[in-house]
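Everything below concerns the one structure shown next.
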Amino acid sequence: MKNLLFIALFLVFQVNFAQEDSTRGYKVKVGEQAPKLDFTLLDGTKYTNQSLKGKVVVLQFTASWCSVCRKEMPHLEKKVWQKFKNDDFILIGVDLKEDLKKVKRFIAQMQVTYPFTIDADGAMFESFTLPNAGVTRNIVLDKNGKIIFLSRLYEEREFNTMVEVIANELKKG
């Protein structure tokens, strides 16, 4: 009986691992429209899918406890936000399930200036990801709200590709 239980658990792990590996934890795909967006930035600015139209958008899912997020954020600030912030572009840090005081402290520690929102219940994150997916994700939307790039974790080559995708999309006018 114990062997049967072990085999069953092993198979469940293998199926979940294979699924995570092929999708990288996303339930959305490049080419699809973004799920419903309706959020408020820390400065009080409200956004929806409709109000984001006309801008290239990067949604950066992050959290203060995430070491990979912390590694990536200075690069997002310098190579994405500072480079494109004066174009039809917005980078939005989406903090996952943390309180306002902690998020403000995190932003100050990381010395980033791009706008932030808090995904208090994780619903926004879960509209893009499979259950129990990890953070450190960037989702790039074109000016019509279509997903044009998905990243997972921080890897320099993938990050540089994302920057190229953003630049090319902005050139389209």
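Using the Cβ-Cβ distance between Asp99 and Lys71 with R0 set to 25 Å, the FRET efficiency works out to roughly 0.60. Spin-label pair Lys146-Lys46: with each label point 7 Å from Cα along the Cα-Cβ axis, the two points sit 2.9 nm from one another.
Cross-link reach is defined here as a Cα-Cα straight distance under 28 Å, omitting same-chain residues fewer than 8 places apart; for Lys27 the lysines meeting it are Lys36, Lys46, Lys53, Lys55, Lys71, Lys79, Lys97, Lys143, Lys146, Lys172.
Normalised per residue, the accessible area of the chain is 56 Å², obtained with a 1.4 Å probe and no contribution from ligands, DNA or RNA. Our note on the geometry: Cα centres of region 34-74 and region 128-143, 10 Å apart. A simple rule links phi to the HN-Hα coupling: the Karplus curve 6.51 cos²θ - 1.76 cosθ + 1.60 with θ = phi - 60°, which for region 35-43 gives x, 4, 10, 7, 8, 10, 5, 4, 7 Hz, with x for Gly and Pro. Accessible surface ranking for Met124, Met162, 1.4 angstrom probe, highest first: Met124, Met162. Rounded to 0.05, the FRET efficiency of the Gln111 and Glu158 pair, given R0 = 22 Å and the Cβ-Cβ distance, is 0.40.
For Ser127, the accessible surface of its heavy atoms amounts to roughly 30 Å² (probe 1.4 Å, protein chains only, rounded to the nearest 10). Computed 3J(HN,Hα) for region 110-125, one whole-Hz value per residue from the Karplus formula 6.51 cos²θ - 1.76 cosθ + 1.60 where θ = phi - 60°, is 7, 6, 9, 10, 6, x, 10, 10, 10, 8, 4, 9, x, 5, 5, 4, glycine and proline marked x.
Scanning residues 5 or more positions from Phe149 or on other chains, those with amide H under 5 Å from its amide H are Val140, with H placed 1.01 Å from N in the peptide plane. Shape class of region 30-173 from the alpha-carbon gyration tensor: rounded, with the ratio a/c of largest to smallest axis under 1.5.
Per-residue accessible area (protein heavy atoms, 1.4 Å probe) orders Arg157, Arg105, Arg24 as Arg157, Arg105, Arg24, starting from the largest. For region 15-173, the share of accessible area belonging to carbon and sulfur comes to 51 percent (1.4 Å probe, ligands and nucleic acids excluded). Ordering Phe116, Phe149 by accessible surface, largest first, gives Phe149, Phe116; the 1.4 Å probe counts only protein heavy atoms, with every chain in place.
The values are calculated or read from the model by the stated rules, or taken from the named source; none is laboratory data. Since this is a predicted model, take the numbers as computed values, not measurements. No Cβ is skipped: glycine too gets one built from the backbone with ideal geometry, and neighbour counts run over all protein chains shown. Keep in mind that these areas ignore ligands, DNA and RNA; they rest on the heavy atoms of the full protein, side chains included. Shrake-Rupley method; radii C 1.70, N 1.55, O 1.52, S 1.80 Å.
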